[in-house]
Amino acid sequence: MSLTIPFDCKKFVCAICQNYLSMAPVYILQDNRDLCSNCVFGDLGKAFRNVSLEKLLVNAYFPCKNASQGCTLTYKFGEEDEHRSKCTFKPIQCPLRKKSECEWKGSFALVHQHIHEKHDKFISENAEFIINRDEDTIDTFVVLNSKNRCIVDYVYNSKSGDLKYTVALLDVGEQDFQVELRKYSKPDSLTPSCKPLKEHKAVCYSDDLSQRIPEQIINLHVMKGVLQNATSILISLATKAKQELSDSTNLVKSDIVNFFKCGLCHENLRLPIYGDANLPPICSYCYDNSKEQFKYKMVPEDNELSCLLAKENDSCKHKYCDKILRGTCIVNHERSCPFRMYKCFICQKNLLYSIAQEHYERMHRNLNYFEQESKFVMEAKTSRSCCTLFQHELIVICFTFDPNFKIEVKQSGVIPNYQVIIELQCTNTALNAPSLKYVFNDIAAQPVTILSRDLLACFDAEIGVRIYFDSCK
């Protein structure tokens, strides 16, 4: 951070929203007007990325939007989001306004003082609360102690069993939380906590919090067996100690990687990179999703740019994740990051991968859940789906027993060195029919259809199915 502005930033503003051009990418229209990335979409066909201006601004400093509130700091080009999340001069409304009808407005730095003076009855020493499984509950409270300063909102629907909650920090920065459930009867008779149920990142409170982080959901009906059919349940939000990855110790994000952008998505290049003499290099994600892969070739590892990127550090691209890794390690992490977005294979809903398994258990209870192996019998003209979490990857297998028996294996990522094995066996042993064996490697979403009429004749009534995993080393 700097306390001085070396040049007149008022010249570098978006032509539409009039905000500073303080974040890449910056675009230019044919009439020489500059636009920020938030305003370019309406004129995307007429706009071009203004790389020259970005290079000019890379060492520029911009004033904080809260300068009128007393903030004297400036931020470097590309660091606006980081500064805004930590700025204590940002204006907010009272976090308890919905519960107390409070109309207070002030700077973020004064929120603790306001809560102590006006809402002391809503302060709790511990980040935990108790609900009755058979009663609807809604509440908001503030936690202020030596470890946690946060506000907790929760709503419990006894009919559906859904407990929805949000945790927002009343301090700048971010904090990892881990949720635990316990059977509760009286203060001196708590059962041992169940396995840690959910981990998530609480972010700094702001008036638009609901737009920045999804509401967390736990279905207590699903957890009924683990909680021994408890009527009263204690929910604890424990601060989770941060753990560094072994290959990310003492790393900081490199400024160099910000200069090398993918030719298609304009995000930081990710190894391996692809391109040729006539095309700018593209990242591995764009290559995987490109319909014109024949245009690109993998850039050799000993290429100057590849060698440079392999030595540099970059942060995970997924929102809420703060991991910083080197070279190809960042790609491996991003493909399995718990904060990546995941689309449900059944209802097509987008959600964080960290709550995907819970989503299946809560919303699609008719799935057949298994761990290492599953066996069942299917009848003709029926469909069935199975779900498992194997090697931290969700796998959904869909069967359709129609005239052309169909199998479709869908998984959220890559499971190295393992393959899914599906065996089909005629349940009528008198036919002495051979079993069919299908092997699915680590490539997701491979539909298989059995077209052999001779083999299908053995499966005219029902079929035995076995699913298991095997090492492909």
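The values are calculated or read from the model by the stated rules, or taken from the named source; none is laboratory data. Treat the numbers as computed from the prediction; the structure is a model and nothing was measured. Neighbour counts run over all protein chains shown; Cβ positions are idealised from the backbone, glycine included. Only protein heavy atoms, including side chains, enter the accessible area calculation; ligands, DNA and RNA are left aside. Shrake-Rupley method; radii C 1.70, N 1.55, O 1.52, S 1.80 Å.
With charges only on Cβ, +1 for K and R and -1 for D and E, what is the dipole size of segment 38-168 about its Cα centre, in debye, rounded to 20? All intermediate terms of the calculation are to be shown ahead of the outcome.
Working: 19 positive and 18 negative charges, 106 e Å.
Computed charge dipole of segment 38-168: roughly 520 debye.
Just to be sure I understand the model, the point goes 7 Å from the Cα along the line to the Cβ. What's the resulting residue 157 to residue 46 distance in nm?
Rounded to a tenth, the inter-label distance reads 4.6 nm.
Roll a 1.4 Å probe over the protein heavy atoms and report the accessible area of residue 274 in Å², nearest 10.
20 Å²
Taking the Cα-to-Cβ direction at residue 297 and at residue 466 and moving 7 Å from each Cα, how far apart do the two end points lie in nm?
In this crude spin-label approximation the distance works out to 4.7 nm.
Under a crude label model (7 Å from the Cα following the beta-carbon direction), how far is residue 400 from residue 264 in nanometres?
Between residue 400 and residue 264, the label points sit 2.9 nm apart.
What trypsin sites (Lys or Arg not before Pro) does segment 52-84 have in DSSP loop regions with at most 16 other beta carbons within 10 Å? Walk me through the numbers before you get to the answer.
Values: sites: 55, 65, 76, 84; in loops: 65.
Loop-located and lightly packed - none at all.
Residue separation times 0.36 nm, minus the C-alpha to C-alpha distance between residue 69 and residue 85: what's the value? The partial results should precede the final answer.
Working: separation 16, 0.36 × 16 = 5.76 nm, distance 1.55 nm.
Taking 0.36 nm per residue and subtracting the Cα distance, the gain is 4.2 nm.
Place a label point 7 angstrom from the Cα of residue 389 along the Cα-to-Cβ direction, then list the residues of segment 333-357 whose backbone nitrogen is under 17 Å away.
336-345, 351-357
How long is the gain from residue 174 to residue 368 if the chain were fully straight, where each residue apart is worth 0.36 nm and the alpha carbon distance is subtracted? Please list the in-between numbers first.
Values: separation 194, 0.36 × 194 = 69.84 nm, distance 3.72 nm.
Additional length available on full extension: 66.1 nm.
Stretched out fully, how many nm does the piece from residue 228 to residue 107 gain, at 0.36 nm a residue minus the Cα gap?
On the way: separation 121, 0.36 × 121 = 43.56 nm, distance 4.60 nm.
Contour length minus Cα-Cα distance gives 39.0 nm.
Tell me, what HN-Hα J-couplings in whole Hz come from the Karplus equation 6.51 cos²θ - 1.76 cosθ + 1.60 at θ = phi - 60° for each residue of segment 107-115, using x for Gly and Pro?
Karplus values, whole Hz, x for Gly and Pro: 7, 4, 5, 9, 5, 4, 4, 5, 5.
According to the square roots a ≥ b ≥ c of the eigenvalues of the Cα gyration tensor, what is the shape class of segment 51-190, taking rounded for a/c under 1.5, prolate for a/b larger than b/c otherwise, and oblate for the remainder? Don't skip to the end; give the middle numbers.
Numbers: a/c = 2.74, a/b = 2.03, b/c = 1.35.
Taking the square roots of the gyration eigenvalues as a ≥ b ≥ c, segment 51-190 is prolate.
What size of dipole, in debye to the nearest 20, comes out for segment 71-135 about its Cα centre when the only charges are +1 on Lys and Arg C-beta atoms and -1 on Asp and Glu C-beta atoms? Walk me through the numbers before you get to the answer.
Details: 11 positive and 12 negative charges, 52 e Å.
With Lys and Arg at +1 and Asp and Glu at -1, about 260 debye.
State to the nearest 20 debye the size of the charge dipole of segment 337-435 about its Cα centre, where the only charges are +1 on K and R beta carbons and -1 on D and E beta carbons.
On the way: 10 positive and 9 negative charges, 70 e Å.
With Lys and Arg at +1 and Asp and Glu at -1, about 340 debye.
Please sort by residue number the trypsin sites (Lys or Arg not before Pro) in segment 371-435 whose DSSP state is loop and whose Cβ has at most 12 other Cβ atoms within 10 Å. Don't jump to the answer; show the numbers that get you there.
On the way: sites: 375, 381, 384, 406, 410; in loops: 381.
Sites meeting the loop and neighbour criteria: 381.
Taking H placed 1.01 Å from N in the peptide plane, check which residues at least 5 places from residue 312 or on another chain put their amide H under 5 Å from its amide H.
Distant-sequence amide H within range of residue 312: 327.
If you keep only loop residues by DSSP, which GluC sites (Glu not before Pro) in segment 316-380 have at most 13 other Cβ atoms within 10 Å of their Cβ? Each step should come with its number before you reach the end.
Values: sites: 334, 358, 361, 371, 373, 379; in loops: 371.
When the GluC sites (Glu not before Pro) of segment 316-380 are filtered for loop state and at most 13 Cβ neighbours within 10 Å, 371 remain.
Please work out the FRET efficiency for the pair residue 441 and residue 381, using the Cβ-Cβ distance as r and a Förster radius of 30 Å; give the result to the nearest 0.05.
Numbers: r = 30 Å, r/R0 = 1.01.
Taking R0 as 30 Å, the efficiency between residue 441 and residue 381 is 0.50.
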